[in-house]
Amino acid sequence: NKKINVAIDGPAGAGKSTVARLVAKALSYVYVDTGAMYRAATWYMICKEIPAENVEKVLQHVPELVIELVPDPTGQKVYCNGEDVTTVIRSMEVTSKVSQYSSIAGLRTRLTENQREMAARKGVVMDGRDIGTTVLPDAEVKVFMTASVQERASRRFKELNGADDITLEQLERDIAARDKFDEEREVSPLRCSEDAIVLDTTHMGIQDVVDTIVSYCAAKK
Ligand code: C5P
């Protein structure tokens, strides 16, 4: 039974991380959340008070970034230069700024290298925006997960459960804006790889999506 790599891309809130985690569990593979890495980098730059507009300054600090994803019974812990940032990278401030930092080429090069290292020995389920197109173009299974923006916003809204002071309409606008920024950036934009399987999950349950992807993997192993 040979190990393969699985790339899962798609817009914000399509359920990629939930699904990717469950697929990894079903296959006993390692889950890699690349969005968490961009979020950790964003958190770090915010702490250093370096705005995304100051590309030169951001790039000066990229070499010192050490981002670790550590498996944990509760899911996954994210560390940035030794600090546990698992919770803080989900804040509204990081969420609203992450796309801007993510459009900086030199930051992407660095995180892409880290992601390729993690996948070098295969047996990885990686989710993000550019995994099938740029990070792991040779991944044996590539999935592009989508859902209508209304459905994605409503899932996020339920997940937040009133934790953030934000309306459904605002969430919808934020998600649409982040998608647009990710799709229109110059370096590694959010795009469906030609050889990816497109899964529109608007009317699919989580388990259906997981089972579908696991069956694609079984066919490739
Ligand atoms: O997946 P998540 O919503 O946590 O990703 C946060 C942001 O990180 C995305 O909106 C995108 O700007 C950036 N990202 C990226 N490339 C990836 C993963 C995430 O540019 N592979």
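Projected label points at ILE206 and ASN54, each 7 Å from Cα along the beta carbon direction, are separated by 4.0 nanometres. When the P(r) is computed for the chain, the part past 24 Å accounts for 41% of the Cα-Cα pairs. Put a dot 7 Å past the Cα of GLU117, heading toward its Cβ, do the same for LYS180, and the two dots end up 3.7 nm apart.
A simple charge model with +1 on the Cβ of Lys and Arg, -1 on the Cβ of Asp and Glu and nothing else charged puts the dipole of the chain at about 660 debye relative to its Cα centre. Here the contact order of the chain, divided by its residue count and restricted to Cα pairs under 8 Å and six or more residues apart, works out to 35 percent. Work out, in µm²/s and without decimals, the Stokes-Einstein translational diffusion coefficient of segment 111-221 at 20 °C, 1.002 mPa s, Rh from Kirkwood over C-alpha pairs. Translational D for this selection: 136 µm²/s. The residues of the chain expose, per residue, 50 Å² of accessible area to a 1.4 Å probe.
Sequence-ordered 3J(HN,Hα) estimates for segment 20-37 from the Karplus curve with 6.51, -1.76 and 1.60 and θ = phi - 60° stand at 4, 4, 5, 5, 4, 5, 4, 9, 6, 9, 8, 8, 10, 8, 6, x, 4, 5 Hz, glycine and proline given as x.
With unit charges on the beta carbon (Lys/Arg positive, Asp/Glu negative), name the residue among THR202, LEU190, ALA177 whose Cα is farthest towards the positive pole of the charge dipole of segment 170-209. Toward the positive end, the furthest listed residue is ALA177. The count of lysine pairs in the chain with alpha-carbon distances below 18 Å, taking only pairs 8 or more places apart or on different chains, stands at 29.
The values are calculated or read from the model by the stated rules, or taken from the named source; none is laboratory data. What you are looking at is a predicted structure, and each value in this text was computed from that prediction instead of being measured. Using ideal geometry, Cβ is built from the backbone for each residue, glycine included, and neighbour counts are taken over all protein chains shown. Please note that ligands, DNA and RNA were not included when accessible areas were found on the heavy atoms of the full protein model with its side chains. Shrake-Rupley method; radii C 1.70, N 1.55, O 1.52, S 1.80 Å.
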